[in-house]
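Each remark here refers to the structure printed beneath this line.
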Amino acid sequence: MKVLILTDSLGLPRNSNGEFVKYEETYPYLLKKEFADKLELIHVGIGGATIEDIRKQISYYTVLDPDLTFIQCGIVDCAPRAFRKFESKVIKKLKFDVFFKPLVRFLRIYRKHTYTSQRMFKNTIQRIKKDPNMAKNLHFIGILPAHDDYEKIMPGIKSQIEIYNSILAKEKNFIDNSDFPFSGILKDYHHLNKEGNQLIYSKLSDVIKRNII
């Protein structure tokens, strides 16, 4: 049995402001360790990936004909942004970051940009499902809920997460994280700590056990 896990940075090790998540503490590693003698597990993690970035990787891995696929992404897609991607690149290239930094919070509220619109998010999910190797046993992992402190520094993030999760929840095999404890999230408010990795590992482990051939 082959299991494919496609993630943004949430499936990767982490070194963030003095908080560490070792590779051996990540949920893909824990799954590999548990099912080492029962299945082949392939994990592809891309830091900062949108759902479109994940979709572009699928053609490289569908040839493996996975029996079970998990996709975890969405926070990068839905987060309120002050600037579009190309605007951010220009600002960084011209080293204007320092001038715009005081305005970022206001611009997030006023402009309400996202890297992926709701429509594009829905369409990309459907494009992924059209691949016959993806559609047969595809699971989407829900976006983690936002802490009140996250809302303070990124106004609108709570409602955005709820909206994009509602899109994911329409899929047959949706892994709900709406009750995910904040104790499982790093102080950056959206990455998994050791406890959080354990929780996701447990949820995916249960799914795998139900599907082992």
Query - aspartates and glutamates whose Cα lies under 12 Å from that of K122, excluding same-chain neighbours fewer than 8 positions away - result: E52, D77, E171
Report summary line: With all protein chains present and a 1.4 Å probe, the order of I212, I185 from largest accessible area down is I212, I185
Query - Cross-link table K33/K172; K129/K187; K33/K209; K136/K209; K2/K172; K32/K209, entries beyond 24 Å C-alpha to C-alpha - result: K33/K172; K129/K187
**Report entry** Alpha-carbon centroid distance for the pair the range 137-213 / the range 1-49, whole angstrom
**Finding:** 15
Query raised in the report: Which GluC sites (Glu not before Pro) does the range 123-213 hold that lie in a coil by DSSP with at most 16 other beta carbons within 10 Å?
Result: E171
Query raised in the report: What nm value, rounded to one decimal, do you get for the distance between S16 and F182 when each label is placed 7 Å out toward the C-beta?
Result: 1.5
Query raised in the report: Of the beta bridges DSSP finds with both residues in the range 1-82, what % are antiparallel, to the nearest 5?
Result: 20
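The values are calculated or read from the model by the stated rules, or taken from the named source; none is laboratory data. Predicted, not measured: the structure shown is a model, and the values here were computed from it. When we count neighbours, we look across all protein chains shown, and the Cβ atoms used for this are built from the backbone with ideal geometry, even at glycine. Each accessible area value is taken on the protein alone, full model and side chains, heavy atoms only, with ligands, DNA and RNA left out. Shrake-Rupley method; radii C 1.70, N 1.55, O 1.52, S 1.80 Å.
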